[in-house]
Structure formats: structure tokens, C-alpha cells
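S.K.: Here it is, the structure, as C-alpha cells.
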Amino acid sequence: MWNPPDHYIEAVSEKASVALLLEAMRSDPVTNAIGSVGVSVGGGVGSVNGLGADTLAPSLASPSVSKTMAPLSYQVGILIRRGFKNSSDVLSKKLEWFLVLALGLVWGGLWFGVATPSNRGKHAADCVSVIFFIAAQWSWGPAFDVLGAFPQERDVLAKERASEVYSIESYYISKCLCELPVQMVMPAVFLLLLWPMVGLPFSILPAIYGITIINAWVSASISTMLMCLIFDGDLVMKVLIVVFVYCMSAGGFFINMAEQPAYIGWARYTSYWYYSLGLYTSVAITPFDDDDQHRMSGALDSYSFSDWSDATNLLILVTYGVVCRVLAYVFLKFSSKIKFS
């Protein structure tokens, strides 16, 4: 369907199109006679505030003249309201809830009761695997949610940037502020469903929830950075899968990276999973040693999760996410790919 605003944005966003429009304005005798703009686009004649082509031409042609935008705080406020509406649409998707609830029931059912006091000693490795699946769900899920909204966001951003509706800064700030509250809802429901079925202590649930939110935020940050760098939906999907498989594999669950040669083992320090799983197991595994024969922490010997302090792991995770967000802004700010087409 032909959309007049989109057509106008397309017409004035390219220098060649603007030059043709100005030439048509100057050569139209009606325009010059009555002092109105008569640009013949699709057979239509329009006017802009009674100004003739000679009056408008210098301002249209001069790159030094730009539209005065509203203050940054006002732009952010408007975009946040729209962003919350778009982000909250995820919570209304029945398929998203089906996925979250179904995965919780599958893992809770198959690992039912493994973390109860009477079982967790002999099922220590099973408890670690549950932690892994929690980390996996809230790494891949948020990353693909960001990519799922990418095509629509890209088109809207290109159109509205062409018309100078708002700045890149206001768009990016509002995007970052809108994501986190929405990302906090589904993990809470997922954990409340899974936790009693597995039998993990409820006393550690708030800490696990906090780690999950940080893990989801870092994952979304990586996805946002790649999206702003590549700007190609098909390509960024492939790159994201490779990056996340690398982070997951180097995190220390599938292979003990500490036992690999040093020139391979160092890769674990580049994976945010390494620090995230270190936090998870520090809270959910290490404190619950039943006795000397069934030590929960003994199950960690075959893995290579971070054994640094919780504060250090948390600081590295937050830094990881912040660096990705800053890089995403830089890529977006200086991208030559935000063009209306």
C-alpha cells in the first residue's frame, strides 16, 4: 500500500531526489506565479505555508540548516511510552508464555525432587545441570527476543531518522530503559514454577532471580550490539548463534577449560557464561554440602566455572553488559546503514 508520509520521507532523504524536486519547483510557472509549492509527484499539487520555490529552495538545499529538535528529556519520555507499549506486546504473546511454562514443566518434571535435602547429595551433578538450563533459557531467550523485533525497529528508525523526528541518543536511551522491566516478568514466573518442583531452597530464590536478570540483560546487550553492527537480519542471526555457542561452550559446563592447554583454556575468560555459572553455583551448589561423603561442591570439580568472589563475578558481568551497550550506541551513531529505502 502506498503511504504518503513514507513517500515524502523517501523523496527528501536523498540529495538527488531533493535536487529534482527543487528543479521542478523552479520550472513550474504556477508555483512562481502564486507563490506556492507545486511539486508534481503522482499528479498532485501541494502548498507549504504560501512560500514559493525560490524562498524554500535555499533552506532545502543548504545542509547547514537543520530542524530544531525537542529537548532530549522530552524525546526520551515520548519514546519510552511507545517503547513500553511495544515491549509489553511480548508479554501478551501466548506462544511466548507457552514456551516459558512448558520448559519449566519439562525441566521441573524430569528433575523432580533432585535438590531436596535427602537427594541433593547424590544428585549434585543433576543440580548443576538444572542451573545450566536456567542460564541457557535466559541467555538465548532474551537475545532472540531482541532480534525478533529487529526488522520492524530498523524500518521505523530509518524512516524517523530521515525526517529528524528524534536523535539517536534519545532512541537508544529509551530502548535500554524499556527492555529491562519487561525482561523481569517471565523469569520470575519461570523460576516460581520450576523451583518447588526441583526442590531447591526458597531462601536462595531471590539471589538466583537477581543473577538470572543480570544474565538476561547481558545476553540482550550482546544481541543489541550485534544488531547495531551488522544491520542485516539474516546475517546477524547466524553470527549471534555462533557467538552464543562459543560463550556457552567456553563457559565450562561441557568441557573443563581449566584442564585444556593454556593457549585454549584462556578462552573461558572471554565468555560471560563463565562468570554467570560461577555466580549460580556459588549460590545454589557450594553452600549445601550434606556431609563429607555427599558434598555438593565436589560435583563442581569436573566443571570450570569461575571460582572468583561473587562481587568480582558480578562486576565483570555488569562490565560485560555495559561495554556491549556502549559499543552498540557507537555502531548505531556512526552507522551508514540507517537509510530509508
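The values are calculated or read from the model by the stated rules, or taken from the named source; none is laboratory data. Since we're looking at a predicted model, the values are computed, not measured. Heads up, the Cβs are rebuilt from the backbone with ideal geometry, glycines too, and the neighbour counts pull from every protein chain shown. To get the accessible areas, we keep the full protein, side chains included, count just its heavy atoms, and leave off ligands, DNA and RNA. Shrake-Rupley method; radii C 1.70, N 1.55, O 1.52, S 1.80 Å.
S.K.: Among residues other than residue 281 whose Cβ falls under 12 Å from its Cβ, what is the net charge (Lys/Arg +1, Asp/Glu -1)? Walk me through the intermediate numbers first.
M.R.: Numbers: positive: none; negative: 301, 307, 310.
Here the count lands on -3.
S.K.: Quick one: if you stick a label point 7 Å off each Cα along the C-beta vector at residue 184 and residue 153, how many nm between them?
M.R.: It works out to 1.9 nm between the two label points.
S.K.: Under 20 Å from a point placed 7 Å out from the Cα of residue 129 along the Cα-to-Cβ direction: which residues of region 81-119 have their backbone N that close?
M.R.: Flagged as within label range: 102-119.
S.K.: Compute, for region 198-333, the length of the dipole vector about the Cα centre, with Cβ point charges of +1 (Lys, Arg) and -1 (Asp, Glu) only. Units Debye, rounded to 20. Write out the running numbers ahead of the final one.
M.R.: Working: 5 positive and 10 negative charges, 142 e Å.
Using only the charged Cβ atoms, the result is roughly 680 debye.
S.K.: Now for a different question. On average, how much accessible surface per residue is there in region 213-264, in Å², for a 1.4 Å probe, leaving out ligands, DNA and RNA? Intermediate results must be reported in sequence, preceding the final value.
M.R.: Values: 2240 Å² over 52 residues.
Computed with neighbouring chains in place, this is 43 Å² per residue.
S.K.: Taking R0 as 25 Å, what's the FRET efficiency between residue 122 and residue 310 from their Cβ-Cβ distance, rounded to 0.05?
M.R.: Working: r = 27 Å, r/R0 = 1.07.
About 0.40, to the nearest 0.05.
S.K.: Follow-up question, since we're still on this one. Please work out how much length the chain gains when fully extended from residue 323 to residue 207, using 0.36 nm per residue of separation minus the C-alpha to C-alpha distance, in nm with one decimal. List each step's numbers first, then the result.
M.R.: Values: separation 116, 0.36 × 116 = 41.76 nm, distance 2.39 nm.
Contour length minus the Cα-Cα distance gives 39.4 nm.
S.K.: Ignoring ligands, DNA and RNA, please state the percent of accessible area on region 247-325 from carbon and sulfur, probe 1.4 Å.
M.R.: On the way: 2250 of 3750 Å².
Answer for region 247-325: carbon and sulfur cover 60 percent of the accessible area.
S.K.: Could you compute Rg(Cα) / (2.2 N^0.38 Å) for region 212-341, with N its residue count? Kindly include the intermediate steps, with their values, before the conclusion.
M.R.: Working: Rg = 17.6 Å, N = 130, 2.2 N^0.38 = 14.0 Å.
Normalised Rg, Cα atoms only: 1.26.
S.K.: Sticking with the crude label model, points 7 Å out along Cα→Cβ, report the distance from residue 241 to residue 335 in nm, one decimal please.
M.R.: Result for the modelled spin labels: 2.2 nm.
S.K.: Can you tell me the FRET efficiency between residue 102 and residue 169 if r is taken as the Cβ-Cβ distance and R0 is 41 Å, rounded to the nearest 0.05?
M.R.: Values: r = 40 Å, r/R0 = 0.97.
Once rounded, the FRET efficiency stands at 0.55.
S.K.: Taking 22 Å as R0, compute the FRET efficiency from the Cβ-Cβ separation of residue 270 and residue 234 and round it to 0.05.
M.R.: Working: r = 26 Å, r/R0 = 1.17.
The formula returns an efficiency of 0.30 here.
S.K.: Hey, another quick one. What order, most packed first, do the peptides 188-201, 221-234 have when packing is the mean number of other Cβ atoms within 10 Å of each residue?
M.R.: The packing order, highest mean first, is 221-234, 188-201.
S.K.: Can you give me the convex hull volume of the Cα atoms of region 158-277, divided per residue and expressed in Å³?
M.R.: On the way: hull volume 18.3 nm³, N = 120.
Per residue, the Cα convex hull of region 158-277 comes to 153 Å³.
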